[in-house]
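Each remark here refers to the structure printed beneath this line.
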Amino acid sequence: MKILSIETSCDDTGITIFEAKGGTTKASFKILSNIVSSQDIHAEFGGVFPMMAKREHIKNLPIVLDISLKKAKLTKSKKPVDAIAVTYGPGLEPCLWSGIVFAKELAEKWDVPIIPVNHMEGHILSVFAKPKGTFNISLTKKQFPMLTLLVSGGHTELVLVKDLGKYEIIGKTLDDAAGEAYDKVARMLGLPYPGGPALSRLAEEKRKELGDLFEHENENRKGFQSMSERRLASATARARGIFQQKNIRAEQGHTLEIFPLPRPMLKSPNFHFSFAGLKTAVLYGLKKIEPLNDAKKKMVAMEFENAVIDTLLYKTMKASDKYGIKSVIIAGGVAANKHLQKQFRQAFGKKNVLLPDNALTGDNALMIGIAGYLRYMQGKKKVPKPASIKANGNLEL
Ligand code: KG4
Ligand code: ZN
């Protein structure tokens, strides 16, 4: 069957058309077109204004649709697809509505069903996709349970994936999401929106300058019982360790300014996160080291990134120890972070970490189509009446 999927939960307008067959256990996909139009206007304002993003979606959707159909060699007038999948939450409600209304218009015109899709389920399943061509997804019982770390601008969650459609959120952020913290700290450093990629580039430059200092640290981790204990030891050491690094650098004749940051909730007995305090610590820390210059920005960026990743990794390892998990999915915009990818691969082993293709870490309609198709088949093609489909900004998994 052919599916057209629509994603408008935030500031990316995405439409994908693919052909799928095989059902839930042996699904195969052939992408006919896969387009994401990112709204640049928000960079100027340093964040996404929902009403402005909604206007852009309404403007973009018909244009993206025309390009998508043309690329897929399909025509609008005939019934070009068999179903439409659309994100109905979570996200910015005005934006979600623009996609839903558009989907309803098309569904009525073409007389096809609408499959409402949870954006976060889309992110989880994005790790099994390729951005173009053909690919297969075969989910077998023995792969479960998996653990997903969902890290985006709006979410930071640890999700136990018991089966397709069976999710349990075992931990989440009590305040800011990881991506949001990146964006806010990036803003303090005068970096453009969205701040994650820019901040992470600075952190990487600093890491290169420091060179082998981080290698020493790996040595110290050996000898602990479990992976998560090792991680806790290294994260705690790192929270203090910048002082040791200072001494090492001093011995080597270098000077290194210090910017110690907390690793929030590392020792709490649950799998929750909190990034608001870390953000505030950066704010106060920045005041102490005024005036800011490029060298200081790099140092802050690296320390901030280390604090975030230490926390994400430690909690994920702890959960993985508890639930006996072998493979970990990392999905959502922050999954694009190279240092995070490297640290997780080091900790869990490369083949046990499932990451989306670089082109699919951000919001896209392909992941929505995949989740839509698999759930449609799993639910024996039962779907709600179009009139009952509503945007839900706080939709949970
Ligand atoms: O999933 P996504 O595209 O949109 C939401 O649903 O939120 O995630 C966007 C978030 C932004 O906060 C952005 O700064 C962050 O992902 N991000 C990154 C990186 N690339 C994007 N954060 C850290 N490092 C990156 N390389
Ligand atoms: Zn997203």
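The values are calculated or read from the model by the stated rules, or taken from the named source; none is laboratory data. Source: prediction; values computed, not measured. Note that we place each Cβ from the backbone using ideal geometry, even for glycine, and neighbour counts take in every protein chain shown. Side chains included, ligands, DNA and RNA excluded: accessible areas come from the protein's heavy atoms. Shrake-Rupley method; radii C 1.70, N 1.55, O 1.52, S 1.80 Å.
Is segment 27-104 best put as rounded, prolate or oblate by its Cα gyration tensor, with a ≥ b ≥ c the root eigenvalues, rounded for a/c under 1.5, and otherwise prolate when a/b is larger than b/c, oblate when not?
Numbers: a/c = 2.05, a/b = 1.79, b/c = 1.14.
Judged from the Cα gyration tensor, segment 27-104 comes out prolate (a/c at least 1.5, a/b above b/c).
Enter the mean projected area of the convex hull around the alpha-carbon atoms of segment 257-397, in nm², rounded to one decimal. Write down the numbers at each step before the final one.
Numbers: hull surface 49.3 nm².
Its Cα hull, projected and averaged over all orientations, spans 12.3 nm².
Taking a 1.4 Å probe, which of Ile31, Ile368, Ile169 shows the most accessible area, and what order do the others take after it?
Ile169, Ile31, Ile368
Can you tell me the 0 to 90 degree angle between the C-alpha axis of helix 178-188 and the longest principal axis of the chain, rounded to 10?
60
From the Cα gyration tensor of segment 1-145, with a ≥ b ≥ c the square roots of its eigenvalues, which class applies: rounded if a/c is under 1.5, or else prolate if a/b is larger than b/c, or else oblate? List each step's numbers first, then the result.
Values: a/c = 1.82, a/b = 1.29, b/c = 1.41.
Oblate, because a/c is 1.5 or more while a/b does not exceed b/c.
Say each of Tyr284 and Tyr323 gets a label point 7 Å from the Cα, pointing the same way as Cα to Cβ; how far apart are those two points in nm?
3.4
If you roll a 1.4 Å probe over the heavy atoms of the protein chains, what accessible area per residue do you get for segment 13-144, in Å²? Present the calculation step by step, with values, prior to reporting the outcome.
Values: 6230 Å² over 132 residues.
Using a 1.4 Å probe on heavy atoms only, each residue of segment 13-144 averages 47 Å².
Write down the accessible area per residue of segment 291-397 in Å², having rolled a 1.4 Å probe over the full set of protein chains.
With all protein chains present, segment 291-397 gives 40 Å² per residue.
GNM, the chain, Cα, under 10 Å: largest mean-square fluctuation among Gly99, Gly23, Gly211?
Evaluated over the chain, the most mobile residue of the options is Gly211.
What do you get for the angle between helix 338-348 and the principal long axis of the chain? Use alpha-carbon atoms, 0 to 90 degrees, nearest ten.
Helix 338-348 sits roughly 80 degrees off the main axis of the chain.
Give, as a single signed number, the net charge of other residues whose beta carbon lies under 11 Å from the beta carbon of Lys30, with Lys and Arg counted +1 and Asp and Glu -1.
Spelling it out: positives minus negatives among the neighbours equals +3.
Can you give the FRET efficiency to the nearest 0.05 for Met51 and Lys130, using r as the Cβ-Cβ distance and R₀ = 25 Å?
My answer for the efficiency is 0.10.
For segment 68-174, report the % of Cα-Cα distances exceeding 17 Å.
The answer is 66 percent, as a whole percent.
Local charge sum around Ile170 (other residues, Cβ-Cβ under 12 Å, Lys/Arg +1, Asp/Glu -1)?
Values: positive: Lys162, Lys172, Lys315, Lys318, Lys322; negative: Glu157, Glu168.
Net local charge, Ile170 excluded: +3.
Starting from the Cα gyration tensor of the chain, take the square roots of the eigenvalues, sort them a ≥ b ≥ c, and report rounded, prolate or oblate (rounded when a/c is under 1.5, otherwise prolate if a/b is larger than b/c, else oblate).
Here the chain falls in the prolate category.
For the chain, what proportion of DSSP beta bridges, expressed in % and rounded to the nearest 5, is antiparallel?
In the chain, approximately 65 percent of DSSP beta bridges are antiparallel ones.
If you stretched the chain out fully between Asn358 and Ala387, how much longer would it get, using 0.36 nm times the residue separation minus the C-alpha to C-alpha distance?
6.9 nm
Given a Förster radius of 45 Å and the C-beta distance between Lys73 and Thr140 as r, what FRET efficiency does 1/(1 + (r/R0)^6) yield to the nearest 0.05?
Calculated transfer efficiency: 0.85.
Would you list Thr75, Thr156 from the most to the least accessible area, probe 1.4 Å?
Result of the area sort, largest leading: Thr75, Thr156.
Which percent of the accessible area of the chain is formed by carbon and sulfur heavy atoms (probe 1.4 angstrom)?
Accessible surface attributable to carbon and sulfur in the chain totals 54 percent.
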